[in-house]
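The values are calculated or read from the model by the stated rules, or taken from the named source; none is laboratory data. None of these values were measured; they are calculated from a predicted model. Glycine also receives a Cβ, built like all others from the backbone with ideal geometry; neighbour counts cover every protein chain displayed. Only protein heavy atoms, including side chains, enter the accessible area calculation; ligands, DNA and RNA are left aside. Shrake-Rupley method; radii C 1.70, N 1.55, O 1.52, S 1.80 Å.
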Amino acid sequence: QVQLAESGGDLVQPGGSLRLSCAASGSIFSINTMGWHRQAPGKQREWVARITRGGTTTYADSAKDRFTISRDNDKNTVYLQMNSLKPEDTAVYYCYADILNRQYWGQGTQVTVSS
C-alpha cells in the first residue's frame, strides 16, 4: 500500500508564493515520475508539472517561468514552488507518483489566491 500526503496549501495574495510538498510512504520500492495536477472549481483536472527520477522536468504552459518542481528521492518527496501566483491558480493541487506501472494520488491541498 502506498500513500501520498500533500501539504503547503494556503490562502495567498496575488503575486505571492507558496511551496507545496508531497511525501510518499508505504510499500515503495522505487518511484519513477512524480508530478502535480490541479482542479479549479467547475473545471476539469489539469496537469501542471512532472519530474522524472533522474530530475528531468516538464511544465504546462500555465506553470512555465512561475512554478518549479523538484524532488528528494531519499525522502520520496516532491515539491512545487509556486511564485507570482494569480487568482486563476486557485485550485486543489494533487500530487501523483508512478510506482511499478501504477499511479498513486494524494488527497489534494487547497491553494487560494485572493486579495
*List the strands (runs of 3 or more DSSP E) that sit entirely inside region 49-115 and contain at least 1 residues that are closer than 16 Å to Ala5 by Cα.*
67-72, 77-82, 91-99, 102-105, 109-113
*Only one of these conditions is not met by Ile31: (1) under 11 Å from the mean Cα position of the chain (by Cα); (2) within 14 Å of Cys95 (Cβ to Cβ). Which number is it?*
(1)
*Report yes if Ala60 is in contact with a Phe, Trp or Tyr (Cβ under 8 Å, 6 or more places away or on another chain), modelled with pLDDT of 95 or more and of a type outside the set (Lys, Arg), otherwise no.*
yes
*asked:* Gly55 - would you say it is surrounded by fewer than 17 Cβ atoms within 10 Å (Cβ to Cβ), of a type outside the set (S, T, N, Q), touching a Lys or Arg at 6+ places or on another chain (Cβ under 9 Å) and in contact (Cβ under 8 Å) with a residue 12 or more places away in the chain?
replied: yes
*How about region 1-48: which of its residues are assigned to a strand (DSSP E or B), open to solvent by 50 Å² or more (accessible area, probe 1.4 Å) and over 17 Å from Leu100 (Cβ atoms)?*
Ala5, Ser7, Leu11, Arg19, Gln39, Glu46, Trp47
